[in-house]
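Colleague: Would you mind keeping the following structure in view while I ask a few things?
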Amino acid sequence: MDPAARPEIESAEDFYHRTFRRLVLTMAALALLGTPAIWIRWHASQALGFLAGSIVAIVNFYWLRRTVEALGNVFDATGRKPSSARVVARFLLRYVLIALAAYVIFRGSAASLYGLIAGLSLPVGAILIEAVYETYRALRAGL
């Protein structure tokens, strides 16, 4: 490939923002496609469990990004590491939310717990799709 024809290399910050946006959109698409498929193939309770798990996974993914950005901003601004107690509290809050959702769903139907676990795994599927996309993009650009 002609070096002059190569696309410009984007900044790391642009890459992260673009990738995060695509990951969230992919997770939303997987949730919207997976819910009716699970409803048709298995049962409504599993589909609703999947939808609940998907929502928790997307919110958790968003909160995780915000937490990491906030930690980085605090460190950049002050040069000191953030309070360990606050970091741990935010981290544990996400898992309390997941445990609460699992408990509520399990109390309603044990079968819907499988859907919840599948929904919580949504970021894994989105990351795999993103990895394939980025590999294709790099190969196409001749990198």
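Colleague: In region 37-67, what count of residues is obtained for those that are over 18 Å from Ile98 (Cβ atoms) and either outside any helix (DSSP H, G or I) or open to solvent by less than 90 Å² (accessible area, probe 1.4 Å) (or both)?
Modeller: Total meeting the criteria: 7.
Colleague: Report, by residue number, each residue of region 90-115 that is open to solvent by 40 Å² or more (accessible area, probe 1.4 Å) and under 20 Å from the mean Cα position of the chain (by Cα).
Modeller: Listed by number, the residues that qualify are Arg90, Phe91, Leu92, Leu93, Tyr95, Val96, Leu97, Ala99, Leu100, Leu113, Tyr114.
Colleague: So which pairs qualify, if the first residue must be in region 100-118 and more than 21 Å from Leu30 (Cβ to Cβ), the second must be open to solvent by less than 100 Å² (accessible area, probe 1.4 Å) and in a helix (DSSP H, G or I), the Cβ gap must be under 8 Å, and the two must be at least 6 apart or on different chains?
Modeller: Phe106/Ser112; Phe106/Leu113; Gly108/Ser45; Ser109/Ser45; Ser109/Gly49
Colleague: Output the number of the condition that Phe15 fails; it satisfies all remaining conditions of (1) open to solvent by less than 80 Å² (accessible area, probe 1.4 Å); (2) modelled with pLDDT under 80; (3) not polar (S, T, N, Q).
Modeller: (2)
Colleague: So for region 106-127 (the condition being within 30 Å of Ala12 (Cβ to Cβ) and among the hydroxyl-bearing types (Ser, Thr, Tyr)), does at least one residue qualify?
Modeller: Among the residues of region 106-127, at least one is within 30 Å of Ala12 (Cβ to Cβ) and among the hydroxyl-bearing types (Ser, Thr, Tyr), which makes the answer yes.
Colleague: Here is a list: Ala77, Ala138, Ala85, Ala118. Which entry is assigned to a helix (DSSP H, G or I), at pLDDT 75 or above and exposed (fewer than 12 other Cβ atoms within 10 Å of the Cβ)?
Modeller: Result of the check over Ala77, Ala138, Ala85, Ala118: Ala138.
The values are calculated or read from the model by the stated rules, or taken from the named source; none is laboratory data. Computed from a prediction, not measured in an experiment: that's the story for all the values here. Note that we place each Cβ from the backbone using ideal geometry, even for glycine, and neighbour counts take in every protein chain shown. For the accessible areas, the whole protein counts, side chains as well, though only heavy atoms, and no ligand, DNA or RNA atoms are used. Shrake-Rupley method; radii C 1.70, N 1.55, O 1.52, S 1.80 Å.
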